[in-house]
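Working notes, structure below.
The values are calculated or read from the model by the stated rules, or taken from the named source; none is laboratory data. Only a predicted model underlies this, so the values are computations on that prediction, with no experimental measurement involved. Because the Cβ atoms are built from the backbone with ideal geometry, glycine has one as well, and the counts that use them run over all protein chains shown.
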Amino acid sequence: MQITREIRDLIDRTLAEDLSIGDPTTDILVPPDLESTAVLLAKEEGILAGLDVGLEAFRRFDDRVSITALLEDGAPIRPGDHLGTIQGRVASLLKAERTAINFMQHMSGIATQTQRYVKAVEGHPVRIVDTRKTTPGLRFLEKYAVRMGGGQNHRQNLGDGILIKDNHIDALRGDGMSLGDVVKKAIREASHTIRVEVEVETLEQLDEALDAGAGIILLDNMDVEQMTIAVQIAKGKAFTEASGGITLETVRAVAATGVDIISVGALTHSVLALDISMDMLD
């Protein structure tokens, strides 16, 4: 992963969360000139993501440490696998440890969960994508982790496309506009390079959105039976996206409806961290 200024600034802020008033434990106990080598160790099976970010955290704290990546992001890992090494002053390793591992555990958890969803729909021509339900300030890293798990990204931000949701429609209905009117206005005034996506909850709304020329239809919280009908209606007219409450237990049935895209907020908003630790080698 390329370490940009944005990522370096984020690392610096997270280091400051831990170290803004020092580390008396390490300062009292560890001689400042004591050096050692530590290894980043997988303690759980999953998909690695965020290794370069984690290693960079050690270097941002102390540019004299030597860091080595032993695997690449996207690699499958098992308990006991060595992910990377850090050599330098023990005090520096201990002070940067939590920041580095927090990034790696969180991002690897996202990559691992994403791969579970991708594997669950194998055999169906559908894409698993994320949403904007991300941790504030971490969206770039979280969406990168989704890609490492085999998923794809939906909008990075609000400027990344036009997605008309229920609140847009409800707000404009008070101004006398129907769903179809809203879609037509968006198509008329948007750049020709942008396709308009609209969220629908019923087959009646689907028909209205298609008649208005929507390029992508988001089928929101539909059951599988209703979604299957919706996909058949939209086939050849618009791409379809399923969203809303989709879980590992239900995602394959959703894929079987023939939708083009399945968006899953749970890839990022409620993922469990993957267990990774730092162990001293000498």
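Counting the residues of segment 172-205 that are at pLDDT 95 or above and small (G, A, S) gives 3. The residues of segment 162-189 that are of a type outside the set (A, V, I, L, M, F, W, C) and under 16 Å from G213 (Cβ atoms), listed by number, are S178, G180, D181, K184, K185, R188, E189. Within segment 99-112, the set of residues being touching a helix residue (DSSP H, G or I) at 6+ places or on another chain (Cβ under 6 Å) and either surrounded by fewer than 21 Cβ atoms within 10 Å (Cβ to Cβ) or under 20 Å from R64 (Cβ atoms) (or both) comprises T99, A100.
Of the residues making up segment 47-64, at least one is more than 19 Å from I7 (Cβ to Cβ), buried (at least 23 other Cβ atoms within 10 Å of the Cβ) and not assigned by TED's automatic domain parsing to the domain that holds V264. Look at D52 and say whether it is farther than 20 Å from T134 by Cβ, at pLDDT 95 or above and out of contact with any Ser or Thr (no Cβ under 9 Å at 6 or more places or on another chain). So D52 fails the test.
Set side by side, the residues L281, L272 differ, and just one is closer than 30 Å to F103 by Cα, surrounded by fewer than 19 Cβ atoms within 10 Å (Cβ to Cβ) and under 21 Å from the mean Cα position of the chain (by Cα), which is L272. For I28, the conditions (1) more than 30 Å from G150 (Cβ to Cβ); (2) out of contact with any Ser or Thr (no Cβ under 9 Å at 6 or more places or on another chain); (3) surrounded by 13 or more Cβ atoms within 10 Å (Cβ to Cβ) all hold with the exception of (3). Against the condition modelled with pLDDT of 95 or more, loosely packed, with under 13 Cβ neighbours inside 10 Å and over 15 Å from I162 (Cα atoms), how does E208 come out, does it pass? So E208 does not fit the description; no. The lone criterion from (1) farther than 27 Å from T112 by Cβ; (2) surrounded by fewer than 18 Cβ atoms within 10 Å (Cβ to Cβ) left unmet by E249 is number (1). Looking at the structure I just gave you, is A255 assigned by TED's automatic domain parsing to the domain that holds G215, over 17 Å from D211 (Cβ atoms) and not acidic (D, E)? Spelling it out, A255 is indeed assigned by TED's automatic domain parsing to the domain that holds G215, over 17 Å from D211 (Cβ atoms) and not acidic (D, E). Which condition does S20 not pass, out of (1) under 29 Å from the mean Cα position of the chain (by Cα); (2) surrounded by fewer than 21 Cβ atoms within 10 Å (Cβ to Cβ); (3) at pLDDT 95 or above, if it passes all the others? Only one criterion in (1) under 29 Å from the mean Cα position of the chain (by Cα); (2) surrounded by fewer than 21 Cβ atoms within 10 Å (Cβ to Cβ); (3) at pLDDT 95 or above is unmet by S20, namely (3).
Do we find a residue being in contact with a Gly (Cβ under 8 Å, 6 or more places away or on another chain) and within 18 Å of A273 (Cβ to Cβ) anywhere in segment 133-141? Yes, some residue in segment 133-141 is in contact with a Gly (Cβ under 8 Å, 6 or more places away or on another chain) and within 18 Å of A273 (Cβ to Cβ). Elements of the type strands (runs of 3 or more DSSP E) sitting completely within segment 168-282 and holding at least 2 residues that are of a type in the set (S, T, N, Q) and in contact (Cβ under 8 Å) with a residue 24 or more places away in the chain: these cover 239-243.
Residues that are acidic (D, E) and surrounded by 20 or more Cβ atoms within 10 Å (Cβ to Cβ) do occur in segment 118-132. Evaluated against (1) free of Cβ contacts under 8 Å to residues at least 40 places away in the same chain; (2) on the phi > 0 side of the Ramachandran plot; (3) not basic (K, R), G88 falls short on exactly one condition, (1).
When we screen A234, A253 for residues that are hydrophobic (A, V, I, L, M, F, W, C) and more than 30 Å from E45 (Cβ to Cβ), the only hit is A234.
Taken over segment 141-160, the residue count meeting the criterion of being modelled with pLDDT of 95 or more, small (G, A, S) and assigned to a helix (DSSP H, G or I) is 1.
Residues in segment 98-124 that are more than 15 Å from the chain's Cα centre (by Cα) and without any contact (Cβ under 8 Å) to a residue 60 or more places away in the chain: K119, E122, G123.
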